Amino acid sequence: MSDEQQPRAEWIFPEEKKSNKGRVWLIVGVIAGVLVIVGVALFLLVPRDETPNVDPTKPATVAPAVPVPDIETFTAQVQPRLDDATRGLDLVAENMDVGAEIVDSLQQDAEVLSGTPAPSSLADQWNAAVTDFARKLSSLRATLDNGSDAQSSLDDSRASLNELRALVGI
């Protein structure tokens with residue numbers, strides 16, 4: 001027999017598995033770094049209830065009150081919105097199909113009117129009248145959304161608006 005016909009003996013070793021320890025530690029390190037960064041960011045960005053240092057020996061200072069205007073100044077402040085409300089209700093009466101959008105605008109104006117400080121002599125009446133006007137506008141909006149006849153709600157809104165205008169002498 002020749003050498004070519006004889007099988008050769010070879011040592012066959014299984015392939016060595018590569019160690020993944022380095023990759024695992026790298027991933028763990030990256031995750032830990034991200035968590036630290038998020039923790040620091042939250043610590044710095046989240047508002048905390050900080051109580052100021054109060055010296056009990058010093059008298060407390062009171063924040064200045066919102067100045068209350070006189071009736072003429074107040075009327076000048078609210079008249080443009082009240083005039084817009086009159087025109088807006090007229091537009092609703094003429095164009096019921098787009099009335100809901102107009103009423104939305106009037107409701108926003110009513111919110112501004114409710115936040116306008118009134119003279120102390122008519123503050124309670126003003127607040128009650130603005131609340132009533134806003135309620136009537138909500139009823140008008142609901143009526144328009146339902147597709148019902150809105151004339152009665154429109155008349156109620158006008159009457160409430162006229163009360164507001166009368167309070168300030170317009």
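The values are calculated or read from the model by the stated rules, or taken from the named source; none is laboratory data. On a predicted model such as this, the values are computed, not experimentally measured, just so you know. Note that each Cβ is placed from the backbone with ideal geometry, even for glycine, and that neighbours are counted across all protein chains shown.
Taking segment 4-23 only, how many residues are assigned to a loop (DSSP other than H, G, I, E, B) and basic (Lys, Arg)?
3
Name the pairs whose Cβ atoms lie under 9 Å apart, with the first residue in segment 101-129 and closer than 14 Å to Thr86 by Cα and of a type in the set (Gly, Ala, Ser), the second part of a helix (DSSP H, G or I) and modelled with pLDDT under 90, and 6 or more positions between them or separate chains?
Here the result reads none, with nothing in segment 101-129 linked to a residue that is part of a helix (DSSP H, G or I) and modelled with pLDDT under 90.
The rows are residues; the columns are (1) of a type in the set (Lys, Arg); (2) in contact with a helix residue (DSSP H, G or I) (Cβ under 6 Å, 6 or more places away or on another chain).
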| position | (1), (2) |
| --- | --- |
| Ile71 | no, no |
| Arg81 | yes, yes |
| Val92 | no, yes |
| Leu106 | no, yes |
| Phe133 | no, yes |
| Leu137 | no, yes |
| Leu140 | no, yes |
| Asp155 | no, no |
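Under the condition of being in a helix (DSSP H, G or I) and touching a residue at least 40 places away in the same chain (Cβ under 8 Å), which residue from segment 152-170 is surrounded by the most Cβ atoms within 10 Å (Cβ to Cβ)?
My answer is Ser157.
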